[in-house]
Amino acid sequence: MDFKRRGILKAGGAMLALAAGLLHSARTLAQQWNKAAFETKSFAATLKALGAGASTESNQIQITAPDIAENGAVVPITIESAILRTQAIAILIEKNPNTLSADFEIPEGTDPFITTRVKMAETSNIYAVVRADGKYFHAAKEIKVTLGGCGG
Amino acid sequence: MADPMRIRANMAGDKVEVRVLMAHEMETGQRKDASGALVPAHFIQNVTVSCAGRTVLSAQWGTSISKNPFMHFRFKGGKPGDKVTISWADNKGERRTDEAVIAGG
């Protein structure tokens, strides 16, 4: 019994090493993709997977989006941060099958401002999580969805 | 091969305003087709924007970015005539790079 477990652990370790190698070679071609973070299913879990120990609610983050989205498949969202040295902006949709929607890296010289369009499965809170100077801040806005964007 | 992106890059004061529309299905992997079979996920995972050899924006996306993704942002340090280069890569290893010349304000 115990031997078996060791074997599995070892095999798992080897797989991990292999996966790490693959990831590394893929990174030279493209960038990394935070699989763990994109598979999270709650606001707290996503924060953790993004590397945020804690996040402070901030009124310096502005989320511009419709209060009611008629079509959940296309919900325009603008996020603007007035927090100094904003380095990243992430969009989280609480009630989607996977919470994390997008994570934007904002280099110096680029405005802490982003507009994109997201899918929403149902009425939900949208969180904007901002990383500034290594600290995390967030703001939330509820968007009502009359027609979900994830089913068929 | 995916269709080209439509990119608009204009000067707005001292900043470059970029709008991009990509052609991509952005399948979530949760949708079923007419026969009830799950349509496999197919979505853009990484996006990089550069100008004059410098990355001005990079992003990681999940499946909940809308079909035919749109993005709008601004950066400093570009001038009319410079090229804005945008690349994406999806979860099936497909990739595409397009560029646009910054127009005057």
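The values are calculated or read from the model by the stated rules, or taken from the named source; none is laboratory data. Since this is a predicted model, take the numbers as computed values, not measurements. Here the Cβ is made from the backbone with ideal geometry for all residues, glycine too, and neighbour counts use every protein chain on show.
Say we look at the stretch A:77-101 and pick out the residues that are over 11 Å from the mean Cα position of the chain (by Cα) and among the charged types (D, E, K, R); which of these is surrounded by the most Cβ atoms within 10 Å (Cβ to Cβ)? The selected residue is A:GLU80. Checking each residue in the stretch B:30-72 for being modelled with pLDDT under 95, more than 9 Å from chain A (Cβ to nearest Cβ) and either touching a Pro at 6+ places or on another chain (Cβ under 7 Å) or within 25 Å of A:ALA88 (Cβ to Cβ) (or both) picks out B:ALA52, B:GLY53. Checking the structure you have, find out if any residue of the stretch B:2-18 is within 19 Å of A:ASN98 (Cβ to Cβ) and more than 8 Å from every other protein chain (Cβ to nearest Cβ). Checked against the condition, which is being within 19 Å of A:ASN98 (Cβ to Cβ) and more than 8 Å from every other protein chain (Cβ to nearest Cβ), the stretch B:2-18 yields no hits at all. Starting from residues that are in a loop (DSSP other than H, G, I, E, B) and exposed (fewer than 13 other Cβ atoms within 10 Å of the Cβ), keep the ones in the stretch A:27-57 and report whichever is modelled with the highest pLDDT. Checking each candidate, the answer is A:SER42. For the stretch B:38-50, residues that are without any contact (Cβ under 8 Å) to a residue 40 or more places away in the chain, touching an Asp or Glu at 6+ places or on another chain (Cβ under 8 Å) and under 19 Å from B:ARG6 (Cβ atoms) total 0.
In this structure, B:LYS79 does not qualify as surrounded by fewer than 16 Cβ atoms within 10 Å (Cβ to Cβ), farther than 27 Å from A:GLU80 by Cα and not β-branched (Val, Ile, Thr).
For B:GLY53, the conditions (1) of a type outside the set (D, E, K, R); (2) out of contact with any Phe, Trp or Tyr (no Cβ under 6 Å at 6 or more places or on another chain); (3) buried (at least 19 other Cβ atoms within 10 Å of the Cβ) are fulfilled apart from (3). Being of a type in the set (Val, Ile, Thr) and under 18 Å from the mean Cα position of the chain (by Cα) is the filter here, so list the residues in the stretch B:20-60 that pass it. Once the filter is applied, which keeps residues that are of a type in the set (Val, Ile, Thr) and under 18 Å from the mean Cα position of the chain (by Cα), the stretch B:20-60 yields B:VAL20, B:THR28, B:ILE44, B:VAL47, B:THR48, B:VAL49, B:THR55, B:VAL56.
When you look at B:THR63, is it under 18 Å from the mean Cα position of the chain (by Cα), within 29 Å of A:THR40 (Cα to Cα) and not in a strand (DSSP E or B), yes or no? The answer is yes for B:THR63.
Residues in the stretch A:102-124 that are over 21 Å from A:GLN87 (Cβ atoms), surrounded by fewer than 23 Cβ atoms within 10 Å (Cβ to Cβ) and either of a type in the set (A, V, I, L, M) or within 14 Å of chain B (Cβ to nearest Cβ) (or both): A:ARG117, A:ALA121, A:GLU122, A:SER124. Look through the stretch B:66-76, keep the residues that are in a strand (DSSP E or B) and among the charged types (D, E, K, R), and return whichever of them is surrounded by the most Cβ atoms within 10 Å (Cβ to Cβ). Per the stated criteria, the residue is B:ARG74.
Note on the stretch A:125-137: residues that are surrounded by 19 or more Cβ atoms within 10 Å (Cβ to Cβ) and either of a type outside the set (Gly, Ala, Ser) or within 7 Å of another protein chain (Cβ to nearest Cβ) (or both) total 7.
Which one of these is part of a strand (DSSP E or B) and without any contact (Cβ under 8 Å) to a residue 40 or more places away in the chain: B:SER87, B:SER58, B:SER35?
From the options B:SER87, B:SER58, B:SER35, the qualifying one is B:SER58.
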